[in-house]
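The values are calculated or read from the model by the stated rules, or taken from the named source; none is laboratory data. Owing to the predicted nature of the structure, the values given are computational and were not obtained by experimental measurement. Cβ: placed from backbone, ideal geometry, glycine included. Neighbour counts: every protein chain shown.
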Amino acid sequence: MSVIIQESQKVFLLQTKSNSYAFGIDDQGLVRHLYWGNRIDAVEDFEMPVLTEVSTNDPVFEITREEFPVYGSLRYKEHCLKVTFADSTREVVYDYVNYEVNKQEHYDELIINLKDRHYDLLIQLHYKVYESYDLMERFVVLQNSSGETIEVEKLHSGQFHIPYTGMNFTNVHGHWGAEQQRFVQKISYGKIVIENRRGISSHNHNPYFIIDRDATETSGDVYFGALRMSGNFSGVVEQTQYGETLVQMGLNSHDFKLDLKSGESFTSPAIICGYSSNGFGQMSHNLHSFANDFILRKGLRPVLYNSWEATGFEVTCTEQMKLARKAKEIGAELFVVDDGWFAERHGIDNGLGDWYVNEHKFPNGLEELVSEVKSLGLMFGIWVEPEMVNPKAKLYAEHPDWIYHFDTRESDTSRGQYVLDLTKDEVKQYIYNMLDNLLSDYDIDYIKWDANRPISQTNTQRDIWYRHIEAVYDIVKELKKKHPNVLFEACASGGGRIDYGILGIFDDFWTSDNTDAYDRLFIQDTYSYIYPIKAMRAWVTDCPNFLSNRIIPMKFRYHSAMMGTLGIGCNILKFTEEETALSKEMIEQYKEIREIVQEGDIYRLENSSSNDYFIYEYKKGEEGLIFVFLPQGKIGHSSVTVRLRGLSENTDYILKLEDREIKKSGGFLMNHGFDVCLTGDYASTVIKFKNA
Ligand code: DGJ
């Protein structure tokens, strides 16, 4: 049983395999946090501290560790909920009502029911406990039965208390072509705010928090949470005056207002959260296993070929068929025709919204390409950007009011396009029908759904910042009911749409338009902290790289991309014989190892050398892989000692290095390790190992 209740003290203890989370209800009816950390079994040891005011300037609410602080009373700290009732009262005063426990197959759920003392507003705090994953999901449900509309101005899904100061906060910064740039910041007094205000998730910050006490990959306290939401989120981290660190996450209250009508309820996005006393590696494994088992579509992802970098907008049926034949020859399993196949789409300024096949590019229709791809035994995929319209498109001429706009203002274009107002039923229906027709008319296995600009000028509703993405989710969910075998890829100018909200609604995720194999080592490393490898699409592309202008040997490019779900984006028609042969070999190798890569545990291994080695281990069951990269060799420091992780001390393993095989015990490999020596620039190798 993962929910333990101490009735007399009203203490709730949530137990996972290694951890405990405890809170209780005090004599005032306040929901107060008690503990988050290593597992404690003795529920009777928890006591509710009696609160005494330190001074009139330090009111008890400021000191109290509240699970869900609401706006009102002598509270000046960050709150999770602020509403305005119909009579303009702007304070929530809740009473504890009762609790419920739901036992489900994979989790136990505790629900704490709170009710406003005057208005009929129910606040439900939900905690789903996934015992074997050491994870919990927290969210809130608001239910209005007051007879009048309640305006919700702020809703964060929960507050977490970490009983230390001087902690580190990790998230990402970045921009197009440079997503997932990890930063670590000391938490001190004052607030750290991360947020998105763009509607489309963005390349900047990502909706998660990692808070650690000087942790490493294998040691130290790590508290983490990932918000299941795309669109506008906000997160606040704060070290308080009272010796602890607080963190909250949820809907961004910037330009936000939700009108909760009487009879309606609203569920906040959940935060998947956990604690690891063994550093970042454990955190990643717990999240990845949970995502693979419960969120992502099952099955291995195919090796993809995408024609974007080869042809840009200059798509022709003849060339696409040639590319498909070559893609088949090197071993790809899925052929995706990217942007440029439809309407008058010859550049960024036209075509979006007019989803008919361009008859000059496809004189015999799209069917000719689809049949060719299918006859080769490949899956067929196609690019769309359904949320957008170009001003020159027929769709815009017919429905100028379908874009986000204010009647008295001109909407901005960005990348030459407007955003369609998906909160309008007719627009949502149009997009659903368009995609349903495409999927019904052609034998399509894969949709690449792109979104290349943020939202602006919205409409007059201030809840569009989450309703837009809800509409996207709805459309994809509906399409999947009718076309259950189709895989959906989320892309937003590269990696602008990855978060735990979209994970599972879509099946494949474009990590970044930056396909430079060296830059990708950093991007992929950071990505793997939170997101599962199956959700990390990585392509091999041509050199010099279009962004970095860097020239990297093809083997290194393959190895870098083989650490995710492999794709190829080169102009393969220009391949030399050697490049074709190497591609065949690498793709073949990837197919042999992809189950370990996509579904195994990843270990970001320590680089013990003064050379800049990048070392990653993947392990599933009795088999594993070690990727070693040396982007630039330095004089005199050429080898690195690789120490593996996650092995059994007393089991023997056989490692296949390029020039030799070695057999060693798990204990030896994890503690003593073995040496790998790469030389020159952009050197790389993949070492396979298995139980002897
Ligand atoms: C941005 C994406 O990230 C690219 O992969 C490509 O699909 C282009 N859009 C097409 O316009």
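What pairs come out if I take residues in region 462-484 that are among the charged types (D, E, K, R) and pair them with residues that are at pLDDT 95 or above and not in a helix (DSSP H, G or I) whose C-beta lies under 6 Å away, six or more apart or interchain?
Listed by first residue and then by second, the contacts come to 462/255; 462/256; 462/257; 463/258; 467/423.
Here is a list: 502, 568. Which entry is within 16 Å of the ligand (Cβ to nearest atom) and closer than 30 Å to residue 196 by Cα?
Only one candidate passes the filter, namely 502.
Of 636, 646, 621, 667, which residue is loosely packed, with under 15 Cβ neighbours inside 10 Å and under 26 Å from the mean Cα position of the chain (by Cα)?
621
Any chance you could count how many residues in region 419-430 are away from the ligand (no atom under 16 Å from the Cβ) and in contact with a strand residue (DSSP E or B) (Cβ under 7 Å, 6 or more places away or on another chain)?
Count: 3.
Of 361, 392, 328, which residue is within 32 Å of the chain's Cα centre (by Cα), among the basic types (Lys, Arg) and either modelled with pLDDT of 95 or more or within 16 Å of the ligand (Cβ to nearest atom) (or both)?
Going through 361, 392, 328 in turn, just one is within 32 Å of the chain's Cα centre (by Cα), among the basic types (Lys, Arg) and either modelled with pLDDT of 95 or more or within 16 Å of the ligand (Cβ to nearest atom) (or both): 328.
Residues that are in a helix (DSSP H, G or I) and either among the charged types (D, E, K, R) or more than 16 Å from the ligand (Cβ to nearest atom) (or both): does region 441-449 have at least one?
Yes: region 441-449 contains one or more residues that are in a helix (DSSP H, G or I) and either among the charged types (D, E, K, R) or more than 16 Å from the ligand (Cβ to nearest atom) (or both).
Does residue 535 satisfy the condition of being closer than 19 Å to residue 583 by Cα and under 22 Å from the mean Cα position of the chain (by Cα)?
no
Is there any pair linking a residue in region 494-512 that is among the acidic types (Asp, Glu) to one that is part of a strand (DSSP E or B) and modelled with pLDDT of 95 or more, with Cβ under 6 Å and at least six apart or on different chains, and which?
Every condition considered, the pairs that remain are 507/487; 507/488; 508/487; 508/489; 508/537.
Filter region 378-389 down to the residues that are in a loop (DSSP other than H, G, I, E, B) and in contact with a strand residue (DSSP E or B) (Cβ under 7 Å, 6 or more places away or on another chain), then identify the one that is farthest from the ligand (Cβ to nearest atom).
Of everything passing the filter in region 378-389, 378 is farthest from the ligand (Cβ to nearest atom).
Is it the case that region 211-219 has a residue that's surrounded by fewer than 21 Cβ atoms within 10 Å (Cβ to Cβ) and out of contact with any Gly (no Cβ under 8 Å at 6 or more places or on another chain)?
Within region 211-219, none of the residues are surrounded by fewer than 21 Cβ atoms within 10 Å (Cβ to Cβ) and out of contact with any Gly (no Cβ under 8 Å at 6 or more places or on another chain).
Which residue, of 98, 144, is without any contact (Cβ under 8 Å) to a residue 24 or more places away in the chain and over 18 Å from residue 209 (Cβ atoms)?
After applying the criteria, what remains is 98.
For region 102-124, name all the residues that are assigned to a strand (DSSP E or B), of a type outside the set (D, E, K, R) and surrounded by 15 or more Cβ atoms within 10 Å (Cβ to Cβ).
Within region 102-124, 110, 111, 112, 113, 114, 121, 122, 123, 124 meet the criteria.
Considering only region 40-73, state which residues are within 17 Å of residue 29 (Cα to Cα) and of a type in the set (A, V, I, L, M).
Hits for region 40-73 are 48, 50, 51, 60, 63, 70.
Search region 220-243 for residues being more than 15 Å from residue 496 (Cα to Cα) and modelled with pLDDT under 95, and hand back the single one that is surrounded by the fewest Cβ atoms within 10 Å (Cβ to Cβ).
Looking at the filtered set, the residue picked out is 243.
Just give me the residues in region 1-47 being part of a loop (DSSP other than H, G, I, E, B) and farther than 17 Å from residue 65 by Cα, in sequence order.
1, 2, 7, 8, 16, 17, 18, 39, 40, 41, 42
Just for region 25-57: of the residues that are more than 28 Å from residue 220 (Cα to Cα), exposed (fewer than 15 other Cβ atoms within 10 Å of the Cβ) and of a type in the set (A, V, I, L, M), which one is farthest from the chain's Cα centre (by Cα)?
Among those that are more than 28 Å from residue 220 (Cα to Cα), exposed (fewer than 15 other Cβ atoms within 10 Å of the Cβ) and of a type in the set (A, V, I, L, M), it is 54.
Here is a list: 516, 507. Which entry is surrounded by 20 or more Cβ atoms within 10 Å (Cβ to Cβ) and more than 16 Å from the ligand (Cβ to nearest atom)?
Going through 516, 507 in turn, just one is surrounded by 20 or more Cβ atoms within 10 Å (Cβ to Cβ) and more than 16 Å from the ligand (Cβ to nearest atom): 507.
Residue by residue, here is whether (1) under 28 Å from residue 152 (Cα atoms); (2) touching a residue at least 40 places away in the same chain (Cβ under 8 Å) holds:
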position: 21; (1), (2): no, yes
position: 32; (1), (2): yes, no
position: 37; (1), (2): no, yes
position: 44; (1), (2): no, no
position: 49; (1), (2): no, no
position: 54; (1), (2): no, no
position: 82; (1), (2): yes, yes
position: 91; (1), (2): yes, no
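Scan region 460-473 and give yes if some residue there is within 21 Å of residue 560 (Cα to Cα), in contact with a strand residue (DSSP E or B) (Cβ under 8 Å, 6 or more places away or on another chain) and more than 16 Å from the ligand (Cβ to nearest atom), otherwise no.
For region 460-473, residues within 21 Å of residue 560 (Cα to Cα), in contact with a strand residue (DSSP E or B) (Cβ under 8 Å, 6 or more places away or on another chain) and more than 16 Å from the ligand (Cβ to nearest atom): absent.
Evaluate region 367-377: report whether one residue or more is surrounded by 21 or more Cβ atoms within 10 Å (Cβ to Cβ) and outside any helix (DSSP H, G or I).
No, region 367-377 has no match at all.
Check region 533-550 and report whether any residue there is away from the ligand (no atom under 16 Å from the Cβ), modelled with pLDDT of 95 or more and closer than 27 Å to residue 295 by Cα.
Yes, region 533-550 contains a residue that is away from the ligand (no atom under 16 Å from the Cβ), modelled with pLDDT of 95 or more and closer than 27 Å to residue 295 by Cα.
Tell me which of these residue 200 doesn't satisfy, since it passes every other one: (1) modelled with pLDDT of 95 or more; (2) at negative phi.
Status for residue 200: all satisfied but (1).
Please go through region 480-491 and give me each residue that is touching a strand residue (DSSP E or B) at 6+ places or on another chain (Cβ under 8 Å) and either hydrophobic (A, V, I, L, M, F, W, C) or away from the ligand (no atom under 16 Å from the Cβ) (or both), ordered by number.
Result: 480, 486, 487, 488, 490, 491.
Taking region 288-325 only, how many residues are of a type in the set (Phe, Trp, Tyr), more than 11 Å from the ligand (Cβ to nearest atom), part of a helix (DSSP H, G or I) and surrounded by 17 or more Cβ atoms within 10 Å (Cβ to Cβ)?
So the answer is 1.
Go through the residues of region 309-331 one by one and say whether even a single one is under 27 Å from residue 473 (Cβ atoms) and out of contact with any Gly (no Cβ under 6 Å at 6 or more places or on another chain).
Taking every residue of region 309-331 in turn, none turns out to be under 27 Å from residue 473 (Cβ atoms) and out of contact with any Gly (no Cβ under 6 Å at 6 or more places or on another chain).
Looking only at region 335-358, which residues are farther than 15 Å from residue 321 by Cβ, among the aromatic types (Phe, Trp, Tyr) and either within 16 Å of the ligand (Cβ to nearest atom) or crowded, with 24+ Cβ neighbours inside 10 Å (or both)?
Within region 335-358, 342, 355 qualify.
For region 130-157, enumerate the residues that are assigned to a loop (DSSP other than H, G, I, E, B) and among the acidic types (Asp, Glu).
134, 148 - these are the residues of region 130-157 that are assigned to a loop (DSSP other than H, G, I, E, B) and among the acidic types (Asp, Glu).
Sort through 127, 99, 164 and tell me the only one that's buried (at least 20 other Cβ atoms within 10 Å of the Cβ) and either within 30 Å of the chain's Cα centre (by Cα) or assigned to a strand (DSSP E or B) (or both).
127
Quick grid of which residues meet (1) in a strand (DSSP E or B); (2) farther than 30 Å from residue 318 by Cα:
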site	(1), (2)
580	no, no
612	no, yes
618	yes, yes
641	yes, yes
649	no, yes
663	yes, yes
690	yes, yes
